[in-house]
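Asker: If you scroll down you'll find the structure; I have some questions about it.
The values are calculated or read from the model by the stated rules, or taken from the named source; none is laboratory data. The structure presented is a predicted model; accordingly, all values stated were derived computationally and were not measured. Cβ sites come from the backbone with ideal geometry, for glycine too, and all protein chains shown count toward neighbours.
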Amino acid sequence: MKRSRVGRGDAGYTLVEVMVAMLLTSIMVTSVFSVALTVKTGGNKGESKIKAAAGARMVAALLKNYVTAEAGTASTTLIPGPCQGAANNWSISCNGIVDACPGGGSNCYALAQGTHTLTGVMGDFEAAPPVGKSARVSYFVDATTLVNGRPVPVVTITTNWTD
């Protein structure tokens with residue numbers, strides 16, 4: 001009776017070969033998930049920047065309507081302001097936008113000196129997480145620049161949010 005031996009190459013993979021293959025597979029899967037997570041995070045940040053820029057552009061476009069007002073005559077001027085139907089038609093507080101005025105209240109001249117914090121500009125982006133990003137648009141008016149002896153307001157718009 002003759003015994004036949006199975007050759008070593010026919011028996012399958014060794015434990016070391018299986019472990020090396022599992023290690024390489026796990027490295028590849030981890031790198032793929034890492035790239036996917038980076039793309040998702042970067043996309044969310046990019047979307048936030050786009051929404052913030054759109055809010056700032058909207059406020060800049062709104063404020064262009066207020067440059068014809070005369071400071072100090074905001075509610076008594078003969079020229080009707082852009083915010084028709086509001087208590088003060090030269091205030092930016094209308095059409096769903098509320099201005100936390102520099103001196104308090106919400107019915108001040110849109111280009112009054114100081115920091116104005118707006119709500120109602122960016123919709124759900126202003127809501128608290130997880131719905132929104134707690135975004136806020138504010139603008140600072142500096143009326144100390146003089147042109148031909150008259151003060152000209154210089155406006156700096158800032159948008160803040162949490163990621």
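Asker: Looking at ASP163, is it exposed (fewer than 14 other Cβ atoms within 10 Å of the Cβ) and under 17 Å from ALA60 (Cβ atoms)? Full working, then the answer.
Answerer: Details: exposed (fewer than 14 other Cβ atoms within 10 Å of the Cβ): yes; under 17 Å from ALA60 (Cβ atoms): no.
Criteria not met by ASP163.
Asker: Another one. Could you pull out the residue among THR119, THR156, THR145 that is touching a strand residue (DSSP E or B) at 6+ places or on another chain (Cβ under 7 Å), modelled with pLDDT under 85 and either among the aliphatic types (A, V, I, L, M) or at negative phi (or both)?
Answerer: Among THR119, THR156, THR145, only THR145 is touching a strand residue (DSSP E or B) at 6+ places or on another chain (Cβ under 7 Å), modelled with pLDDT under 85 and either among the aliphatic types (A, V, I, L, M) or at negative phi (or both).
Asker: Also, I was wondering about something else. Residues that are of a type in the set (S, T, N, Q), at least 2 per element: which strands (runs of 3 or more DSSP E) completely within region 98-156 meet that?
Answerer: 114-119, 136-147
Asker: So, one more: Could you tell me which residue of region 135-160 is nearest to THR41 (Cα to Cα), considering only residues that are surrounded by 14 or more Cβ atoms within 10 Å (Cβ to Cβ) and in contact with a Pro (Cβ under 8 Å, 6 or more places away or on another chain)?
Answerer: VAL141
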